[in-house]
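*Asks:* This is the structure I want to talk about, given as structure tokens.
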Amino acid sequence: MTKKLLLASCMFAAAMAHAEDSATINDVTFYGIVDVGVTYDTHGAPPPSGATIGSNWAVQKTGNRAIFEMVQSGLSQSRWGMRGAEDLGNGWTGLFKVESAFNPISGSTTDALRTIVSQNGVPQAQQQAYGDSAIDGQLFSRAAYAGISNDVYGTLTAGRNTTFENDAVSSYDPDGQSYGFSLIGFSGATAGAGRTEGSRWDNSVKYLGAYGQLRFGAMYQFGGTLTRNDTGFGADIGVDYAGFSFDGVYTAKKDLVSAAPLTAAQMISSEAAGFNPQTSFSATVSDNVAFGLHAKYAWDKFKFYVGYEHIKFGNARSPLPVGFINIGNYIGSVVSNTAVQGEQLQVSWAGFRYQATPKLDAIMSWNRYDQNSFALGANAGCNDTRASSCSGAENTASLLFDYHFTKKFDAYAGAMYSQVLNGLANGFLHNNNIDPSVGLRYSW
């Protein structure tokens, strides 16, 4: 992996050296974002190297202390990529895109599951920040596809594609899917039909078309990714009219995985079964169905945003075995296929962006998760912190200022308040966090 990254970096540097002020060479465009900053978490935890999230940002179970730290990717995930388009004639175009995420603080490839397995066996009060993600050390973790496009018939791509819900969150989140100022950007559950690993699909085909102001799309994931029956289907329909945009999205996905560190007891059992604790994790597997409704409206210097998603979790109909291989070649050494029957999550958000000056944007947003009670037995109908299956809620509110010195370089400052309640607060050391943050971002 290191050799591949070095080769890609050398190719990029050589190309840019001959490109003068242009980032496009032979119809291939090189682009990227570097985002670094500092934050203060009232209830946080130090980030391990390679972390996807950089900080706890929204309150997490690992939040065990007040901490001031250097972080990365607060407003945008740091990334680099290449994309190209070739005119084939008669309105047809061949295209490709590959995109990688990285940590500019350490220079490492972003690997969320590495942050999880690094906490195996560590007592909760001593854990560092970690986060689940679809970005787990792959060279081109954010996107990797080729396709064909036509002015009339639309665009078809094949490979590793983002889901429609991921696209919708990016477009309809006033904070632009930010980690530091948006719950729906930080958690990734909204973009992945309840599981952040489901925000990007390998072995998938994706179609986008338009007719006048109406647009529509469909995508399908072929089963067999890492020998799993993990088929998926997604659909989108949207419209743009007089400053108003709307998208409705549907997703059905099998064998979605939620990853967590192994407890001390699970470490012992995993090692006894022959699994390497440095690459193993605890997995909850589910089949999920989700639909989302999203709208925004541009008026004068304002842009207003609202969104809603309803997610239903079901037990895996194609159970994954103990020892299954997950993305990034990590191993699920402790596996539950029957832990979520009846679970539902409702996601709501609203906010606005205001262009105070030609260079300064002010953004305010509110996000909320609402979980039903899906507990059984003595806990049925519970609405307190005794179990994670009790009904619960999570709220965030944020204020952000983004100043653009130039088109490519900007500075930002803001804060997000987050709070978990009842079942969604189960196991938390503290139920709230405030993360005042400042940062710099360079885009090319």
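The values are calculated or read from the model by the stated rules, or taken from the named source; none is laboratory data. Please read these numbers as outputs of a predicted model, since none were measured by experiment. Positions of Cβ are backbone-derived with ideal geometry, glycine not excepted, and every protein chain shown enters the neighbour counts.
*Asks:* Output the number of the condition that A378 fails; it satisfies all remaining conditions of (1) part of a loop (DSSP other than H, G, I, E, B); (2) surrounded by fewer than 15 Cβ atoms within 10 Å (Cβ to Cβ).
*Replies:* The one condition A378 does not meet is (1).
*Asks:* On to the next question. Can you name every residue in segment 240-251 that is over 15 Å from V306 (Cα atoms), touching a residue at least 40 places away in the same chain (Cβ under 8 Å) and not β-branched (V, I, T)?
*Replies:* Y250 - this is the single residue of segment 240-251 that is over 15 Å from V306 (Cα atoms), touching a residue at least 40 places away in the same chain (Cβ under 8 Å) and not β-branched (V, I, T).
*Asks:* Next question, about the same structure. Within segment 424-438, is even one residue within 21 Å of G194 (Cα to Cα), touching a Phe, Trp or Tyr at 6+ places or on another chain (Cβ under 9 Å) and of a type in the set (S, T, N, Q)?
*Replies:* no
*Asks:* While we're on this one: Does segment 419-444 hold any residues that are surrounded by fewer than 17 Cβ atoms within 10 Å (Cβ to Cβ), small (G, A, S) and not in a loop (DSSP other than H, G, I, E, B), and which are they?
*Replies:* The answer is S443, and nothing else.
*Asks:* Among the residues in segment 113-120, are any within 30 Å of S398 (Cα to Cα), in contact with a strand residue (DSSP E or B) (Cβ under 6 Å, 6 or more places away or on another chain) and not aliphatic (A, V, I, L, M)?
*Replies:* No, every residue in segment 113-120 fails to be within 30 Å of S398 (Cα to Cα), in contact with a strand residue (DSSP E or B) (Cβ under 6 Å, 6 or more places away or on another chain) and not aliphatic (A, V, I, L, M).
*Asks:* Next up: Which count do you get for residues in segment 101-124 that are over 18 Å from the mean Cα position of the chain (by Cα), at pLDDT 90 or above and small (G, A, S)?
*Replies:* Of the residues in that region, 2 qualify.
*Asks:* Okay, next question. Give the number of residues within segment 316-329 that are surrounded by 19 or more Cβ atoms within 10 Å (Cβ to Cβ) and in a loop (DSSP other than H, G, I, E, B).
*Replies:* Number of matching residues: 3.
*Asks:* Just checking, how many residues over segment 27-52 are part of a strand (DSSP E or B) and either modelled with pLDDT under 90 or over 30 Å from A125 (Cα atoms) (or both)?
*Replies:* 7
*Asks:* Being crowded, with 21+ Cβ neighbours inside 10 Å, over 19 Å from the mean Cα position of the chain (by Cα) and under 27 Å from S389 (Cβ atoms): is that true of S258 here?
*Replies:* no
*Asks:* Condition test on G212, is it more than 19 Å from A260 (Cα to Cα) and at pLDDT below 95?
*Replies:* yes
*Asks:* With the requirement that a residue be in a strand (DSSP E or B) and touching a helix residue (DSSP H, G or I) at 6+ places or on another chain (Cβ under 7 Å), what does segment 381-413 give you?
*Replies:* Selection gives G392, A393, E394, T396.
*Asks:* Quick test of your reading of the structure: S373 fulfils all but one of (1) assigned to a loop (DSSP other than H, G, I, E, B); (2) more than 26 Å from A283 (Cβ to Cβ); (3) not hydrophobic (A, V, I, L, M, F, W, C). Name the failing condition by number.
*Replies:* (2)
*Asks:* Return the total of residues in segment 53-100 being assigned to a strand (DSSP E or B) and either buried (at least 24 other Cβ atoms within 10 Å of the Cβ) or of a type outside the set (A, V, I, L, M, F, W, C) (or both).
*Replies:* Total satisfying the criteria: 16.
*Asks:* Which condition number in (1) more than 25 Å from R142 (Cβ to Cβ); (2) in contact with a strand residue (DSSP E or B) (Cβ under 8 Å, 6 or more places away or on another chain) is the one that A264 fails?
*Replies:* (2)
*Asks:* So which pairs qualify, if the first residue must be in segment 160-186 and in contact (Cβ under 8 Å) with a residue 24 or more places away in the chain and closer than 26 Å to P436 by Cβ, the second must be assigned to a loop (DSSP other than H, G, I, E, B) and of a type in the set (A, V, I, L, M), the Cβ gap must be under 6 Å, and the two must be at least 6 apart or on different chains?
*Replies:* S178/L75; Y179/I53; L183/A58; F186/A58
*Asks:* Hey, any hits in segment 127-136 for a residue that's crowded, with 19+ Cβ neighbours inside 10 Å, charged (D, E, K, R) and either more than 18 Å from G232 (Cβ to Cβ) or touching a residue at least 60 places away in the same chain (Cβ under 8 Å) (or both)? Show your work before the answer.
*Replies:* First, the residues of segment 127-136 that are crowded, with 19+ Cβ neighbours inside 10 Å: 127, 129-136.
Adding the requirement that they be charged (D, E, K, R) leaves 132, 136.
Right, trim to either more than 18 Å from G232 (Cβ to Cβ) or touching a residue at least 60 places away in the same chain (Cβ under 8 Å) (or both) and you get 132, 136.
Among the residues of segment 127-136, at least one is crowded, with 19+ Cβ neighbours inside 10 Å, charged (D, E, K, R) and either more than 18 Å from G232 (Cβ to Cβ) or touching a residue at least 60 places away in the same chain (Cβ under 8 Å) (or both), which makes the answer yes.
*Asks:* Looking at G223, is it of a type outside the set (D, E, K, R), on the phi > 0 side of the Ramachandran plot and out of contact with any helix residue (DSSP H, G or I) (no Cβ under 8 Å at 6 or more places or on another chain)?
*Replies:* no
*Asks:* Now for a different question. Tally the residues that are surrounded by fewer than 20 Cβ atoms within 10 Å (Cβ to Cβ) and over 19 Å from V249 (Cα atoms), restricting the search to segment 283-310.
*Replies:* Total satisfying the criteria: 7.
*Asks:* Suppose the filter is surrounded by 14 or more Cβ atoms within 10 Å (Cβ to Cβ) and either within 15 Å of A259 (Cα to Cα) or in contact with a Phe, Trp or Tyr (Cβ under 6 Å, 6 or more places away or on another chain) (or both); does F313 pass it?
*Replies:* Values: surrounded by 14 or more Cβ atoms within 10 Å (Cβ to Cβ): yes; either within 15 Å of A259 (Cα to Cα) or in contact with a Phe, Trp or Tyr (Cβ under 6 Å, 6 or more places away or on another chain) (or both): no.
Against the criterion (surrounded by 14 or more Cβ atoms within 10 Å (Cβ to Cβ) and either within 15 Å of A259 (Cα to Cα) or in contact with a Phe, Trp or Tyr (Cβ under 6 Å, 6 or more places away or on another chain) (or both)), F313 does not qualify.
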